[in-house]
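These notes concern the structure reproduced below.
The values are calculated or read from the model by the stated rules, or taken from the named source; none is laboratory data. Predicted model, so just to flag it, every value in this text is computed and none were measured. Ideal geometry is used to build each Cβ from the backbone, glycine not excepted, and the neighbour counts take in all protein chains shown. What goes into the accessible areas is simple: the full protein's heavy atoms, side chains included, and nothing from ligands, DNA or RNA. Shrake-Rupley method; radii C 1.70, N 1.55, O 1.52, S 1.80 Å.
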Amino acid sequence: MARTALPGRLSTRLTWRVATLAEFHDETATARTLRLDVPGWPGHLPGQHVDVRLTDEDGYSTQRSYSLAAPADGDRIELTVQRLPDGEVSGYLADTYAVGDPIEIRGPVGGWFVWRPPDPAPVLLVAGGSGIVPLMAMIRSRRQAGSRVPFRLVYSVRTPADQFYAAELRRSARADGGLDVAVVYTRSAPDGWARPAGRITAADLEALGWPASFEPTCYVCGPTGFVEAAAGALVDLGHDPRRIRTERFGPST
Amino acid sequence: MSEDFTDDYEDGNALAGPLGELFAVDVTTAIGRCAGCGRSGRVAELRVYSHAPGLVARCPGCDRVMMRLVRGPDAAWLDLRGTVSLRVALPG
């Protein structure tokens, strides 16, 4: 099958393949970005994820899903892993996993929470914590495609130190035409920040997002409680539920 | 945001890998119809509980179980009793 075939729609059953860590860097004190080489990677759409499987020497095996953080670069893919308290997979990937080590990867998967660059509708991205990861893949794909589709990102994080991709997002807001970035701090804001720290509200989404009358496609990603509240607020603001796509990470940290 | 919201489930996007092992199409974009309340919606929007030994997907409208998927060492078991139909887009 050609490598340009529909990502996620393989002609054969989805199977595990071996990926190798090529390089990494720490994103925050508790999150690490991993660049993996996956021979024969078929490509993917921004918003898709992979399943990662770890198998111990005694045969014990466990798996988790991680969103792809960037468009594919040939056979190289990028994940950003937030270390969870007692997270057996995230702890390994964020602390122990070393360059050259193998892991098993399955994907790309998921065809619903994706953005396709030809889609001309304005886009509202709403991220809670590590929910920024698949949305960053959309921002980077938009840049790679040279798209001028209007994008707005509302990114909720606890403190400035918890922000992923901080330097790139500051640069993107200036360099990527038609990309607006707004950060909402929930625990502590930088000195002089106009908005006091606190959980994101419907008023924030009204002020920082697109009006419902612009008919944007909304992508909301984060811990389940965050997604419930943010998606509910968007519906209350008049957004059509059919244009709100959500990705829940399950329990928040 | 409000602490009242439950945090113990994911959404149907989490089924993409496990169902991708069984089917050649992406089932998470299929439209499923609930046997309980008749609601139609994307499989990606179901509420998926993964604490059990397996995955349980419930209707976001009435909370009825629409799918259960258990993966064993040499087989997968998919129970679709709560789903009336799955509409899968197949271009061409």
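At-a-glance table
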item	result
Computed lengthening from B:R81 to B:S40, 0.36 nm per intervening residue step minus Cα-Cα distance	13.2 nm
Dipole magnitude of segment A:17-89 about its Cα centre (Cβ charges: Lys, Arg +1; Asp, Glu -1), debye to nearest 20	240 debye
At least 30 Å² accessible surface lost relative to isolated chain, residues of segment A:179-225 (1.4 Å probe)	A:R199, A:T224, A:G225
Members of segment A:99-126 that become less accessible by 40 Å² or more once partner protein chains are added (1.4 angstrom probe, chain alone as reference)	A:R106, A:W112
Dipole of chain B, positive end: most advanced residue of B:L69, B:V56, B:C34 [Cβ charges, Cα centre]	B:C34
CD proxy at 222 nm, helix term only [per DSSP H run n ≥ 4: -39500 (n - 2.57); per residue of chain A; nearest 500]	-5500 deg cm²/dmol
Structure-based [θ]222 nm, chain B - -39500 (n - 2.57) summed over DSSP H runs of at least 4, per residue, nearest 500	-1000 deg cm²/dmol
Contour excess over end-to-end distance, with Cα ends at A:T55 and A:F214 and 0.36 nm allotted per residue	52.5 nm
Only Lys, Arg (+1) and Asp, Glu (-1) charged, at Cβ; the protein assembly as shown dipole about Cα centre in debye	1200 debye
Area hidden from solvent between A and B (accessible, protein heavy atoms only, 1.4 Å, total, Å²)	2500 Å²
Accessible area, probe 1.4 Å, largest first, for residues A:R142, B:R58	B:R58, A:R142
Segment A:D95-A:R242, length gained on full extension (0.36 nm per residue, minus Cα span)	49.0 nm
Semi-axes of the equivalent ellipsoid for segment A:88-203, Cα gyration tensor, largest first, Å	25, 23, 14
Using a Förster distance of 35 Å, the FRET efficiency for A:E88-B:E21 (Cβ separation, nearest 0.05)	0.95
Solvent-accessible surface (1.4 angstrom probe) belonging to A:F249, in square angstrom, nearest 10	80 Å²
For A:Y219, solvent-accessible area (1.4 Å; no DNA, RNA or ligand), Å²	10 Å²
Separation in nanometres of the label points that stand 7 Å from Cα toward Cβ, at B:R64 and A:A173	4.8 nm
Solvent-accessible area, 1.4 Å probe, carbon plus sulfur percent, for segment A:76-136	55 percent
Loop-resident sites, segment A:31-103, for GluC sites (Glu not before Pro), counting at most 10 other Cβ within 10 Å (DSSP)	A:E57
Local net charge near A:H49, Cβ-Cβ under 13 Å (Lys/Arg +1, Asp/Glu -1)	-3
A:A182 paired with A:R76, simple spin-label distance in nm, labels 7 Å along Cα-to-beta-carbon	3.5 nm
Cβ charges +1 (Lys, Arg) and -1 (Asp, Glu), total dipole of segment A:141-193, debye	160 debye
No Cys partner within the rule (Cβ under 4.7 Å), the protein assembly as shown	A:C218, A:C221
With DNA, RNA and ligands ignored, accessible area of B:L86 (1.4 Å probe; Å², nearest 10)	70 Å²
Anisotropy class of the protein assembly as shown from Cα gyration tensor, a/c 1.5 cut	rounded
Summed side-chain charge close to A:I139 - residues other than A:I139 whose Cβ falls under 9 Å, Lys, Arg +1, Asp, Glu -1	+1
Approximate spin-label separation A:V18-A:A202, in nm, with each point projected 7 Å along Cα-to-Cβ	5.5 nm
